[in-house]
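What follows draws every value from the coordinates through simple rules; no lab data is involved. Everything quoted here is computed from the prediction, not taken from an experiment. No Cβ is skipped: glycine too gets one built from the backbone with ideal geometry, and neighbour counts run over all protein chains shown.
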Amino acid sequence: MGFLEDYFINPVLHGTGYNPVNTLVYAVLLVASLPLVARLMKRLGMRADERTWASLLPFVVLGGLLRAMQDHGMFSFLGGAEYALFVTPGIYLTVFLLALASILLEKKVGIPTAWEGIFLLAFFGSWYAFVIRRITPLAWVLGVAVLAFIPAYFVLSRYSWRTLPRVSSMPVLAHVLDASASWTAISVVGGYFEQHVLPSALFSPGTFWMFIPLKLVVAALAVLLVDKYSDGYDAWVLKFALLVLGLGPGVRDTLTMLA
C-alpha cells in the first residue's frame, strides 16, 4: 500500500506530477488498450475515416476542459471522486466512456456523436467561462504554436499520406500546441512546473523553449512511422491516440492559465 501511495495515489492527490514508475505503468496500459479500441470500433461498425475523427474531436477538447476545471476545484463537491474521474489515468476513461455512450446513442436514436460532444463542450465551457480572468496566455500559446507549426506543415504537406490524408498533420499540431502551452506556463507566466518525467529532466525554465522543436520532430516522426507501417483501424487508432496525448494536455494547460 505504501508503494501505491508513493507512486500512484499521492501524485494524484497532491498534484506533484509523474514519476518513472507511474509513467511506465500508464504507458503500458495505453499501449495495451489500443488494440482493444480498434476491435471495439470494428464491432460497432465505426469507419476508420476522417468523419469519425471529426465526430470524436470535441471529446478530446472536452477532456482538456474537464481537467482544467478540476485544477481549479470546480468538481470539489464530488469529494475524492473528482480525482478518480478527472485526473490521469481516470480522466481518459471518463472521456472514453462519454464518447462511447454518445456513439451508442447515435446508433440508437440517430443524434450525431459530434453534436453530443459539442453540447457537452458548450455546457462545461459556459461554466468555466465564469472563472476566466485573462486572455494573454492564450495569445502566447497560439502564436508560438502557429509559428512553430507553419514550417513543419510545409515539410509534411510534401508527404503523400497513405491513411487519413486530411487529418494526419493534426497530431503534430496538437503536440506543438501542448509544448507551446507548457513553455508559456513555465517561462512566460511563471509559477508552474513540468509534471512529466523526461522534459523536466532535460530542460530548465530558461531552456524549456527547446522542448517545442523537440516535440514537433518526435510527433512528426511518430505519425510518419504509423503511416508507413500501419493502415486501416490500426493506423486510425494510433494517429488518434497521438492526437489525444497532445491536444488534451495542451487544452488543459492553456485553459488553466486563463483562470
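Remarks
- Full-stretch length increase - residue 126, residue 160 - with 0.36 nm per residue and alpha-carbon distance subtracted: 8.2 nm
- The chain, helix-only ellipticity at 222 nm - DSSP H runs n ≥ 4, -39,500 (n - 2.57), divided by all residues, nearest 500: -23000 deg cm²/dmol
- Among 60, 144, 197: highest mean-square fluctuation, GNM of the chain, C-alpha pairs under 10 Å: 197
- Length-normalised contact order of the chain in % [C-alpha pairs under 8 Å, at least 6 apart]: 29
- For the chain, the number of Lys pairs separated by eight or more positions or lying on different chains, with C-alpha atoms closer than 18 Å, is 5.
- The stretch between residue 5 and residue 51, if pulled fully straight at 0.36 nm per residue, gains 12.4 nm over its current Cα-Cα span.
- Which label in (1) 19.5, 59; (2) 17.5, 56; (3) 18.2, 53 gives the computed Rg and Dmax of the Cα atoms in Å: (3)
- With a Förster radius of 25 Å applied to the beta-carbon distance between residue 36 and residue 105, the computed FRET efficiency rounds to 0.75.
- In terms of its C-alpha gyration tensor, the stretch 102-176 comes out oblate, because a/c is 1.5 or above while a/b does not outweigh b/c.
- Cα centre as origin, Lys/Arg/Asp/Glu Cβ charges: the chain dipole, Debye: 680
- Extension gain for the segment residue 78 to residue 204, taken as residue separation times 0.36 nm less the Cα-Cα distance, is 41.8 nm to one decimal.
- Gyration tensor (alpha-carbon) shape descriptor, the stretch 48-190, a/c threshold 1.5: oblate
- Of the residues 159, 242, 257, the one whose Cα sits farthest towards the positive end of the charge dipole of the chain is 159 (charges of +1 on Lys and Arg Cβ, -1 on Asp and Glu Cβ, taken about the Cα centre).
- Simple rule: put +1 on each Lys or Arg Cβ and -1 on each Asp or Glu Cβ in the stretch 55-172, find the dipole, and look at 60, 146, 136; the Cα lying farthest toward the positive end is 146.
- In the elastic network of the chain, a GNM with C-alpha springs shorter than 10 Å, the most mobile of 169, 33, 102 is 33.
- For the stretch 1-128, the residue among 74, 117, 89 whose Cα projects farthest onto the positive side of the dipole built from Cβ charges is 117.
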